[in-house]
Amino acid sequence: MLRLDPAGSVGDLAGSQGTPTMATMPLLADDQMSPEARAVIDDIRTTRQTDFLNNFWRALANDPALLKRTWESLKAVMGPGQLDPKVKELIYIAVSVAQSCEYCIHSHTAAATAKGMTPAMHGELLAVIAMASQTNGLASALQVETDAVFL
């Protein structure tokens, strides 16, 4: 299998443990994308101020309408708002851990680090995620009735 590295060159496709992985859709090179997909990709690169395009977008480029909807939603949700950009990335990491999305864990950990997440913050975030997972599991297993004050 082949993959595109961050520089856009082709290399062997392997997972983080060196084991082969395969996307369910091909990871399209720029010259393989439709004009509609390329317009979205150009906006991603302009918005993010980078030439790098990660594999998520390359896979979605197989369906230009899905690519556009996903990018427009992500751009709106992760763009300026009431929450600090780093906080948004921390939340994204927590949900990605809960959903067991290895790809999203890695990409949003990188994004959070770029936005100022320190190793100590990351450790504390993981401790909160683990604690929430444990207490959520206990409350669910015990079927604890929600306190009226919380409703």
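The values are calculated or read from the model by the stated rules, or taken from the named source; none is laboratory data. The shown structure was predicted, so the numbers you read here are calculated from the model rather than taken from an experiment. Every residue, glycine among them, receives a Cβ derived from its backbone with ideal geometry; neighbour counts consider all protein chains shown. These accessible areas exclude ligands, DNA and RNA; they are computed on the full protein's heavy atoms, side chains included. Shrake-Rupley method; radii C 1.70, N 1.55, O 1.52, S 1.80 Å.
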Which ones in segment 33-80 are part of a helix (DSSP H, G or I), of a type in the set (S, T, N, Q) and touching a residue at least 24 places away in the same chain (Cβ under 8 Å)? Thr47, Asn55
Please list, ordered by first then second residue, the pairs with beta carbon atoms under 9 Å, 6 or more apart or interchain, first in segment 127-151 and touching a residue at least 60 places away in the same chain (Cβ under 8 Å) and within 19 Å of Gln99 (Cα to Cα), second of a type in the set (Val, Ile, Thr) and surrounded by fewer than 10 Cβ atoms within 10 Å (Cβ to Cβ). none
Can you tell which of Ile105, Ile91 is out of contact with any strand residue (DSSP E or B) (no Cβ under 9 Å at 6 or more places or on another chain), of a type outside the set (Phe, Trp, Tyr) and more than 18 Å from Ala23 (Cβ to Cβ)? Ile91
In segment 54-80, what residues are small (Gly, Ala, Ser) and open to solvent by less than 40 Å² (accessible area, probe 1.4 Å)? Ala59, Ala61, Gly79
Here, helices (runs of 4 or more DSSP H) confined to segment 81-151 with at least 1 residues that are buried (at least 16 other Cβ atoms within 10 Å of the Cβ) and within 11 Å of the chain's Cα centre (by Cα) are 85-98, 102-114
